[in-house]
Amino acid sequence: MGKFSFKSLMAAFAVAIFVWCISCCEVCNAREVTDRRSYAATAADDSTTRSSLWLWRGRWRIPHFPLPPFPFYRPWPYLPLPRWPYLPRPRPVDPRHDPHRQGPHHGPPKQIPPPTPMVDPTLRPPVSVPPVAEPTPSPPQAPIANPTPPTSLTPPASPTPPAVRTPPDSPTSPPSLMPPVVPTPPVEPTPPVEPTPPASPASPAPSAVPTPLASPTLPVPTPRAPPTPSVPSNSTTFNVLDFGANGNGNTDDTKAFQDAWAASCNVEASTMVVPANHVFLVGPISFVGEHCQENIILQLDGTVVAPTDPQAWGGEHWLHFDKLSRFTLQGSGTVDGRGSVWWRRSRSEDLNDDLLDVDNDASDGMDSEDADTQAKEELSSMPRNKPTAMRFDHCLNVTFSGIKIQNSPNFHLTFDHCVGVLVRDMSISSPGDSPNTDGIHLGNSQDVTIHDATLACGDDCISIVSGCSNIHIHDVHCGPGHGISIGSLGKGHSKACVHNITVEDVDLQGTTNGVRIKSWQGGSGSVYGVKFSNIRVSEVRWPIIIDQYYCDHETCTNQSSAVAVRGVTYEHISGTYTERPVDLACSDSVPCEDITLSAIDLRPSSQKPPSHDDGPFCWQTFGQLTTPISPPIDCVQIGRRSSNGIGSGQDSC
């Protein structure tokens, strides 16, 4: 106990040395951190200095990261900071800001005053005397120039130089002081004094007096203001007017729309604005969002019109939206396709036959021959491929709200290969005889909701084709038009799959069809999981239709295969019809199965005389009826078909 061995003494001595080293490192670290923080605080006062997060060491720099308070300035082990990243030091913009010149940790760079106050006034006369000393022989002008010229030579200096120089100078010195004001080569305000060098010494005196008084601050250069951009770089709102759009309805504004979209595309949650009270003429344009940010809004409050010049068209779309994610198109604006010229061509199978109806469209002051010639030129020059007004392709989570689309040459609004679509509070308007002008067309799209829409067009108000599923349509008014259709499907021996479709709370007025499923012969696939509920019809020709023999030509060949239709429910359908209440024409080889009709109340229109052939029609239809049914639908075969032709798998999807 009382004796210590040599080994224990050496161990105690080593522990003491280790503790002393740690304390020294802590003190060094504290000093270094204090120096860094003080330097960062002083360097922040100068905008041209380097960032406080970087430390200059020779020709390399290393990042400085804030460290926790004492004693944990650095994590254990206490090693020097790594010299990484090895990035080259950028060249300073001004020699006064060179870190090697001012020292790495001695505060901000030294501020050097402007050069003009540092000039010695006694050195200025020798610079300007040689070219002007000879033409100044008259001394009487000295008292006139004594009080003023010195102030013009050294505006920033005090007025003491003239009092120091005038007593010792000879009589010839005052003229030597005055002529330098006349040429003034090194001085900035040269324009007012240049034309006076050859004049007599008496003339420059009066002109030299007002010059220094009028511009005492001219030697200080005025910085040029940078050009102000039309749109701030940090803005999230991009108005097409700021990008050169005219908005007068006559000038092509396509380029302005493209530039505005390119600017908003790079900013997340940005808004592209098409302002109200303007009419914008826009040609075919694509709003591509493949490399754009998300949550972009297109605020359409003005009117966008399509060009009628045939040279402006080259594709099958007008306003094209492609590969957008979380995109919203909203506003109170109008999209006008001006498709009357295209419709006249579609109605006529021959150009000369169409000219018979042109006289009604001609103005009163135009001869019929001139009207025929003008219409013939218009119809012959327009492309045969009619463009769609607004088309969305490969989009995810799209909202379409508040917009009115009218007079489209072809379909008004199309969604193809889209997922998560919401269409609401919008309207579509076109004449009832405008050909192939579907209102809303859905293809290969899933999870689509359409509600609170008013649709009036020349074809299907809403058409749903192959590849669609999980479609919900409600609170929609349709008319005029061809009703709400699933199809056509299976054209050209193609396979069609449509399922989980719900249409409810819909009003149809004056349409040719009510709720319809149509398919071509020769196709394959199936339609199932369809529900039509709470449908109100008024003056509709065929309220309920299933047509597996659809053909838009004069003649079509009979084929054995067809798209299977099964699991379709019609409930609470009421109103008036003008032709036939129910028409269910199913295929012989692929009959319709699981067709349910419940609470049907359809009455003939008051304007239609009763006829024996106007009752319900069914062919190869299997299902069930739930009372009440009016009129009676006795043609539906209750139950299932014992041996159907669906076992071949042609309806698999």
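Here is how the numbers come out for the structure above:
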read-out	value
DSSP bridge pairs, the range 548-641: antiparallel proportion in percent, nearest 5	0
The range 368-513 shape via C-alpha gyration tensor axes, a/c threshold 1.5	prolate
3J(HN,Hα) from dihedral phi, the range 483-494, Karplus parametrisation 6.51/-1.76/1.60, rounded to Hz, x for glycine, proline	x, 10, 10, 9, x, 7, 10, x, 5, x, 6, 8
Pairs beyond 26 Å (Cα-Cα), from 386/608; 386/531; 531/608; 404/491; 255/404	386/608; 386/531; 531/608; 404/491
Vicinal HN-Hα couplings computed from phi for the range 9-17 (Karplus, 6.51 cos²θ - 1.76 cosθ + 1.60; Hz; Gly/Pro x)	5, 5, 5, 5, 5, 5, 5, 5, 4
Heavy atoms of residue 287 accessible to a 1.4 Å probe, total area in Å² rounded to 10	10
Amide H contacts under 5 Å for residue 556, placed H, 5+ residues apart	none
Simple label model, 7 Å out from Cα along Cβ direction - residue 286 to residue 419, nm	2.2
Additional length obtainable on full extension of the chain from residue 493 to residue 474, 0.36 nm per residue less Cα span	3.6 nm
Whole-Hz couplings from phi, Karplus 6.51/-1.76/1.60, listed for the range 585-600; x for Gly and Pro	10, 9, 6, 5, 7, 10, x, 7, 10, 6, 8, 10, 10, 9, 6, 9
FRET efficiency, 1/(1 + (r/R0)^6) with R0 22 Å, evaluated for residue 436 and residue 571 via beta carbons	0.10
Nearest-10 value in Å² for the accessible area of residue 438, using the 1.4 Å probe	10
Placed amide H near residue 618: partners under 5 Å, 5+ positions off or other chain	584
Förster radius 30 Å - calculated FRET efficiency between residue 505 and residue 277, Cβ distance, rounded to 0.05	0.25
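The values are calculated or read from the model by the stated rules, or taken from the named source; none is laboratory data. From a predicted model like this one, the values you see are computed outputs, not experimental measurements. No Cβ is skipped: glycine too gets one built from the backbone with ideal geometry, and neighbour counts run over all protein chains shown. Just so you know, the surface numbers come from the protein's heavy atoms only, side chains and all, with ligands and any DNA or RNA stripped out. Shrake-Rupley method; radii C 1.70, N 1.55, O 1.52, S 1.80 Å.
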